[in-house]
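The structure under discussion appears below in the form of structure tokens.
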Amino acid sequence: MDGEFRFTNTYRKLVAGSNINGTSLLATDYLNHFNEVAMLIEMAADMPEILEEAKEWKPASYAEQFGRSTFSDKELAIWAYENAPLEFTESFEAIVATANELVIKTIKELSDISLNSEPERFREEVKRRSKLIYEVLENIGGIINGSVLKMDQNQIDELFA
């Protein structure tokens, strides 16, 4: 038996019965960090002033998010992440970086749209950008749940078009 396989298999046994995926060694609770800001952005269609609250959002690494969370297995989640297979963590980190950039850009650009002169355009942009954010979050969730997904540069460019 390959040493790396035994090593990873040991971690998978340790997370059994927890909220941590046994294949990727990642936990979906990380998505809470993005879900909160995604909901604020989505709500801005009807409550534009909520963007002020969304502006307070800052990217957080996996370890940072779990370090400050109330997740019962947060130490195990951090430890499992540090030992997760590279095929998952590399894909995860790349798409999380895209999500971070998309959220920050979305908040800035929505804030720049003049609500008084173009409220309908604002609503349409909120809907369009919310959909894009949720699509990226679905990809992150897919990785967490054991699928190795990668976005090519064209897919990333389309998000920012």
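The values are calculated or read from the model by the stated rules, or taken from the named source; none is laboratory data. Just so it is clear, the structure is predicted and the values come from calculations on it, not from any experiment. With ideal geometry, Cβ positions are generated from the backbone for all residues, glycine too; neighbour counts draw on all protein chains shown.
Tell me whether the range 104-111 contains one or more residues that are farther than 19 Å from Ile140 by Cβ and free of Cβ contacts under 8 Å to residues at least 24 places away in the same chain. I'd like the intermediate steps shown before the answer.
Going residue by residue through the range 104-111, those that are farther than 19 Å from Ile140 by Cβ are 108-111.
The next check asks that each one be free of Cβ contacts under 8 Å to residues at least 24 places away in the same chain; those that pass are 108-109.
So far as the range 104-111 goes, yes, one or more of its residues are farther than 19 Å from Ile140 by Cβ and free of Cβ contacts under 8 Å to residues at least 24 places away in the same chain.
If only one of Ala97, Ala60 is within 19 Å of the chain's Cα centre (by Cα), within 12 Å of Ile140 (Cβ to Cβ) and either outside any loop (DSSP other than H, G, I, E, B) or at pLDDT 90 or above (or both), which one is it?
Details: Ala60 fails: within 12 Å of Ile140 (Cβ to Cβ).
Answer to the selection: Ala97.
Residues of the range 100-124 being part of a helix (DSSP H, G or I) and either farther than 30 Å from Val148 by Cα or of a type in the set (Phe, Trp, Tyr) (or both), which ones? Step through it out loud before you land on a result.
The first filter runs over the range 100-124 and keeps only residues part of a helix (DSSP H, G or I), leaving 100-112, 119-124.
Lys108, Glu109, Leu110, Ser111, Asp112, Pro119, Glu120, Arg121, Phe122, Arg123, Glu124 - these are the residues of the range 100-124 that are part of a helix (DSSP H, G or I) and either farther than 30 Å from Val148 by Cα or of a type in the set (Phe, Trp, Tyr) (or both).
Taking only the range 72-94 into account, find how many residues are more than 10 Å from Ala27 (Cα to Cα) and in a loop (DSSP other than H, G, I, E, B).
The number of residues fulfilling the criteria is 4.
In the range 50-104, what residues are among the aromatic types (Phe, Trp, Tyr), surrounded by fewer than 19 Cβ atoms within 10 Å (Cβ to Cβ) and touching a helix residue (DSSP H, G or I) at 6+ places or on another chain (Cβ under 7 Å)? Break it down into steps so the answer makes sense when it comes.
Residues of the range 50-104 among the aromatic types (Phe, Trp, Tyr): 57, 62, 66, 71, 79, 81, 88, 92.
Within this subset, residues satisfying the condition of being surrounded by fewer than 19 Cβ atoms within 10 Å (Cβ to Cβ) are 57, 79.
Passing the criteria: only Trp57.
Is it the case that the range 149-158 has a residue that's under 19 Å from Gly22 (Cβ atoms) and either among the polar types (S, T, N, Q) or at pLDDT below 90 (or both)?
yes
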